[in-house]
Structure formats: C-alpha cells, structure tokens
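The values are calculated or read from the model by the stated rules, or taken from the named source; none is laboratory data. Just so we're clear, the structure is a prediction, and the values are computed from it rather than from any experiment. For neighbour counting, all protein chains shown are included, and Cβ atoms are generated from backbone atoms with ideal geometry for every residue, glycine included. Heads up: the accessible areas ignore ligands, DNA and RNA and are worked out on the full protein's heavy atoms, side chains in. Shrake-Rupley method; radii C 1.70, N 1.55, O 1.52, S 1.80 Å.
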Amino acid sequence: MNAWTPYDRPLDLPLAAHLYRRAGFAATQDQLRQAMKDGPQATLNRILQPPPALEAFERRMAGLSGSAMVSESAASTESAELWIHRMQHTPYPLLEKMTLFWHDYFAIAGAQVGRSLLMERHIQLLRKHALGRFDALLRDLVRDPATLIALNSRVNHKSKPSHELATALLRYTSQQGDPTLIARAFTGYAVLRDEFQFRDYEHDSGAKQSADDTLQQLLQNPATARNVVRRMYRWLVSETAPPGDELLEPLAASFARDFDIAKLAASILRSNHFFSEQAYQQRVKSPVEFAIGLVTANDRPVAAAKLHQQMSAIGQRLLEPPAGTGWAGGLRWLNSFTIAGRANLAASILPAGSPELANAISPEFQLS
Amino acid sequence: MNAELTRRQFLSAAALPAIARASSAQQRVLVVVQLAGGNDGLNTVVPYEDDIYARGRTTLRLTAKDVLKIGNGLGFHPAMGSFERLFKDGHLSVVHGVGYPAMHRDHNAGMRIWQTANTDAAAEHSGWLGRAADQASDVYSGAVPAVFAGNIPQPLSIQARQTIVPSVHTLADWTFPGLSSPPPSRANPLLKAAHRITERGLADAAKCAGSKSGWNYPQYSLAQSLRTVANLIRADIGIRVFLAEQGGVSPGGFDNHANQAGNHAVSLRELAESIGAFCGHLAHDGLLDRVLLMTYSEFGRTLSENGRHGTGHGAAAPVFVAGGKVMGGFVGAHPSLSDLEGTGDNAAPKASLDFRSLYATALEEWLGIPAAPILGKPFPSAGVLKS
C-alpha cells in the first residue's frame, strides 16, 4: 500500500477527529457524525474547498482589521487578538491553520517590527498565499515591510548589506550558500512610510545577480522544495519521527514542479500515511491548537484578548515566535507549569466536573 | 533505513523513565534582579570622600554624615540599611565598575545588551538566562528550569529559544485544578511522555500549595516577587533560574533625569528591603547557601548633575551579589572619577569588569552550566564566590 495514495476506508470516530484536528483545530459533534457518514475523501473535499460563507466572513474581518486600534499600536497584541478572533470563528479553518504554518516557518516577530499595522499586513500576506504558490509567497515576502524590518533591512545599504535577510533566505530554503553574495543582491531594498521601496542609488551595481535571479536560483534548488515538504510533514503528520528522504521524495518532486501549497497539503491529508499510526497522536498541540481546539469543539467562543493572554502564559505568544526557526514545538510545549496552565485554561471555559473538562485535562488531549 | 534508526532512537529516548531527579535539595539556584532605567551607582555606593564626586553632585551629593559607611571611603545610600546589614554579615558583595567598553546610553539598546549578553544584540531573540534554561532543560521530564517572577511582560533576559519559561506572579498561579493522577497510558511514547509530565505537573502543584510561608515581606512589588521566588525554592521542584525585576518597562523607574533625590531613595529602599527580606527568609529556612542573587541595570549615570536635580545616562555601575556563598566585601576597585568615559557633562564611570564575567561566574561556577555557548565566548571568572 503506497504511503501517499488516497485513503479509502471508512472513518471511525478517532480518525475523523484526527483529520479535523490537523486540517483545522477541532471538529464539532455534527462534523464528526457527518465525516463518519461521508468517508475520508468526501470529507476532505469539503475541508479543502473555501466554503461559500467565507466571503461574508472576510468582509466582516476586513472591517475589524481597519480599526485604528490595530493600525496605530507598536505592540503586536491587537493583531494577535484579531487573528485569535478569526481562528475561533472562521468557516475555513484550514486556511488559518496554514497561515499559522507559514508564520511558524518564516518566524517574523512583532517585537522586532514594532508596528502592529505592518504585522497585520504581514499575516494578511501569509494568508493570501497560505494555500497558493510558494514561489509567489517568497517573492512577496522579500518585499514585505514587516519582514524587511525584522531582518534588519529597513534600509539595505550598498555599504552595509543586511546579513540577516540573506541568512534568513538561506534558512527558509535550507541551503548553504554565501550570505554576502545574496545580501548584495538585495541592496537597495528599503521600507519607507510603511511601504516597500527600491532605492536604485543604494543598489550595489557590482552584485553578481539581481534579487529576482537570486530568488529564482534558491527556488530551483531541490533543497527548497524538500525543506517545505519536511516542515509541512512535521506540521500535518508527525513531530516524533523525522521522515526519511525516500518517503518524502514523491511529494518533494511534485512540489518542486509547481510549488502548489494546496496540492501538497491535500496530498498529505488524503493519504494512507496520514490516517496511519505514523501520524495518529504523533504531535503535541501547540497552545494555539489547544485553546482554539477547545473553543471550537465545544462551541464556546472566548474573548480574544483573554485567550491571547492565556495562550501566552502557556508558552505561545502569537506574532512573537521566540527564534528565527519558529517555535520549538513537540514536547517542548509541555512542562510541569504549562500542563497545569492548560488545565486552568480549560477550567476557565468548561463547566467544573464536566466530562468535557476531564477530557481536556487528560494527557491524550494534549496531543494532536 | 535512516528514518527507522532515528525513529528507534526517538522511541528509546521518549520511553526513558522519569530521570531520577538529582536530589534537588543540593541544587543551586540563581536569582537575577533587573533594575530598569539605569541606576545611579554613584549615589548607591557613594564615594563620599571623593572631591570630584562632591563637585559633580552639587545638590544630590551625599556626605559622610548621610551615608551608611562600609569602608574604603564608601557608603551605602541612607535608604539602604538592609544592604548595610547584609554587607556586614558577609552575605552581600559590591562588585565595582561593571559594564563593557563604550557603553550604550540608550535605554532599549543598552538593556538589550545586558539581557542578551551580546554587545551586538539587534538580531538576538533570546536572553542569557533563557539560553541557560535551554541548556538545563530535560524535555522529557517536564521540569521547569526557569521562572520569571513579576507583573510585566517577560524581559528578554529570560526568553529562551526552546524552553517555555513561565511568568509566575504568586504561588497561587501554580495550581492544577481538579484532577487526580491520570490512569497510565498505552503504547504511544509521546502519550507516555505527556502522561509523565502531567503527573509531574500534579506533584509540583501540590508542592507549591504546601510551600506557602508566613515570612514577613514588605509590600513592595519586588518584595512580593521575591517572596514568590523564595516559596518556589522552598517547594523544591527543581527550578534553577529566577528573574525578578524592579523599575518596570522601559524607560524604567531608576531613570531619574529630574528631582532624583526623593525618587532614588524610594527605589533604593525597595531594592534593599526586598532583598533583605528575601535573604532573611532563606537564611531562616537554611536555604541561603543554595542561592546566588545578582542585580543588573542597563547603565549607571553621569558624574555631573544636569541642572534639574537629576543625572544623565551614564556607563559602568556597581552590581550587587548576595547569598550564603559570596565572598562578601568589595570586588574590584571603585572606578576612578578622574578617568571617565565620555566628556563634559556626559562623563561617567568607566567599566573595569565585563558584565559577562559575572554572568559566566553565575552560570558556570555557580550553576555548573557551561557559559561559553551561552555568552558566545569564554569570559574569565569574576571571582565573587567563596572557593
């Protein structure tokens, strides 16, 4: 049985819940019943497609994100809360889950940007491409003001090319290369009044390659596709066992041809491997997955500000990843304090003594 | 093949029994106190006999009859009676002239340097205590290696790359609602680890609940944070590193550009009485020998007053270390006031000891955690501990 061919057996309750946890945050009882009736592939057709309700939802969210509170603040708190509100109410959870994936992947931290408006636009950029094409995502990212500021490229001077931007690009594409060469290609990139700007006079005319050619070359190296596939495997399938190259090769080869993120995610989620014990309960829920999952499964939305504070207290402050490589994840999420903190978070949402609360406090519930 | 091997390695690591906890009653603990704003070293440990000091501080000057004399022509600010007692008992050392060459005089940039232990810190996301926590933590045991005790967002010093560092305001934050020990789980090693960590969480919460103490602390915010630290040390749950803070968020309560005298006295009284109560509590419980406390602030202040009865951003300043195993007395020599960093009104004491030597001492000599990987390179010992 091929690992990546579509899974075609019926879904039992644990596997239906597994699918909804990974492709979103959690399922309601109705969704679980429906999934068991419809089977995996029909359920995935529904999960992968943007639902009709999305358009109206996006209009409502656009109204909220234009508010002065979000745009004028230096701290990332308001943008993070807006995102938490969105995650709790979206009709298209897969999109938010994948936006979160790219946030973890590129790991741009609001504290280094110092402007909520730009973090808000950064996340919108990630969301726009979250299920689109990786090459387009990367090309937009290097012109994204938040990204440039966080990577010490507010002005990328000819005389002092930003090493941080170059090393980040090498990290994003998992390549060894000369950061100095890459840095020179991006001289002249700058941010002025919250917008990207190319300053011709700051561009190093002696650079061997243009920025566009440099990106193209990074993208063409098979290491790039392999790195995205490896990270997405960790995100959607398993944090416990690093997959072998031969397992990932078919996905990586296909992704290298079209950089189609939605197709890659669909191939993984539809597969035999995804519904096997190689994947089941092989991830630890992040605080965001834990809290949003709790809220959506029980249909008990919580004020975003409160949830943001609670998730931060147990180790995940949205929009503030702790390192250039994102959150460490896995068992790093759990320690003696955070496990108690998760229980307190659950107890603040669910009725005391309820079976739902007992479930939320159990070791099983900490896993995805 | 390769994947299978890695998987097996993972499984065997995950299936290890909870590491027998090195009797944590033997474990040493580091407590760091951040003082935000740039504390005026010259009016904290006062060179009251120095004419240059007297001329520089036209209205803020503290004289022989104001200060609490501690020898070498130096005296503590009069609000620091608690420090005088600790100093005379040999439980507090004054480390002179701590800093680094050409110190940054901007609050944020300066503080980042002390927090990251990196003088080129713009791109650094993690702090020196956070990286120490990363070195100390054993992912599978569930132990919490480091805690921030305070009410502001976590300072960068204790932000880790991998470890989740809790912010704990009071002991009551560390509770685990309504669950008895969960039934042991089945084959999945990740589930077993989650199970083990849950049990550890229950056990640690129970120890915290049993660790409340009636020791009397003043009402200051720093004192309340240190009370939490003392109770967590008493709870004996394996935390090695604590950060507390006074002065809040940038620019911070020690930043006295105008009318310094009253504000500074209030700040120093809080500092001295809080640390005094903390050390008294630990000594009473027989724990002082296991604890090393250290302060830092982003810079000292200018020698000269600024015409508004305040002082400007300066350079080096004294650091305080306290505990049962400090050498006591002075470490190094008081900075010369005739050889300063900066000119004119900006002139301020120069560093004679790199702050990272103190960090290295705290990490390596005290906690037994290799310091060079955390600080980027080796630094010589500052020699503040009893051998």
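General remarks:
- Meets criteria (more than 21 Å from A:Tyr233 (Cα to Cα) and of a type outside the set (Asp, Glu)) for A:Phe101: no
- Residue list for the range B:238-259, filter: among the β-branched types (Val, Ile, Thr) and either outside any loop (DSSP other than H, G, I, E, B) or at pLDDT 95 or above (or both): B:Ile239, B:Val241
- Sub-7 Å Cβ pairs linking a first residue in the range A:15-32 that is in contact (Cβ under 8 Å) with a residue 12 or more places away in the chain and assigned to a helix (DSSP H, G or I) to a second residue that is among the polar types (S, T, N, Q) and open to solvent by 20 Å² or more (accessible area, probe 1.4 Å), at least 6 apart or interchain, are A:Tyr20/A:Gln31, ordered by first then second residue.
- Subset of the range A:167-194 [crowded, with 21+ Cβ neighbours inside 10 Å, under 22 Å from A:Gly114 (Cβ atoms) and within 14 Å of chain B (Cβ to nearest Cβ)]: A:Ala168
- Picking from residues in the range B:170-185 that are more than 10 Å from chain A (Cβ to nearest Cβ) and outside any helix (DSSP H, G or I), the one that is modelled with the highest pLDDT is B:Thr170.
- Checking each residue in the range A:334-343 for being in contact with a Phe, Trp or Tyr (Cβ under 8 Å, 6 or more places away or on another chain) and open to solvent by 10 Å² or more (accessible area, probe 1.4 Å) picks out only A:Phe337.
- Of the helices (runs of 4 or more DSSP H) lying entirely inside the range B:66-162, the ones with 2 or more residues being within 20 Å of B:Arg301 (Cα to Cα) and within 14 Å of chain A (Cβ to nearest Cβ) are found at B:107-116.
- Subset of the range A:287-315 [within 18 Å of A:Phe337 (Cβ to Cβ) and open to solvent by 10 Å² or more (accessible area, probe 1.4 Å)]: A:Gln309, A:Gln310, A:Ser312, A:Ala313, A:Gly315
- Per-region count, the range A:263-292, residues more than 12 Å from chain B (Cβ to nearest Cβ) and in a loop (DSSP other than H, G, I, E, B): 6
Matching residues to (1) open to solvent by less than 10 Å² (accessible area, probe 1.4 Å); (2) closer than 12 Å to B:Gly332 by Cβ:
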| position | (1), (2) |
| --- | --- |
| B:Ala351 | no, yes |
| B:Phe355 | yes, no |
| B:Leu363 | yes, no |
| B:Trp366 | yes, no |
| B:Pro370 | no, no |
| B:Pro373 | no, no |
| B:Ala382 | no, yes |
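- Listed by first and then second residue, the pairs with beta-carbon distance under 8 Å, at least 6 apart or on different chains, first residue in the range B:362-387 and on the phi > 0 side of the Ramachandran plot, second among the aliphatic types (A, V, I, L, M), are B:Gly376/B:Ala117; B:Gly383/B:Met327; B:Gly383/B:Val331.
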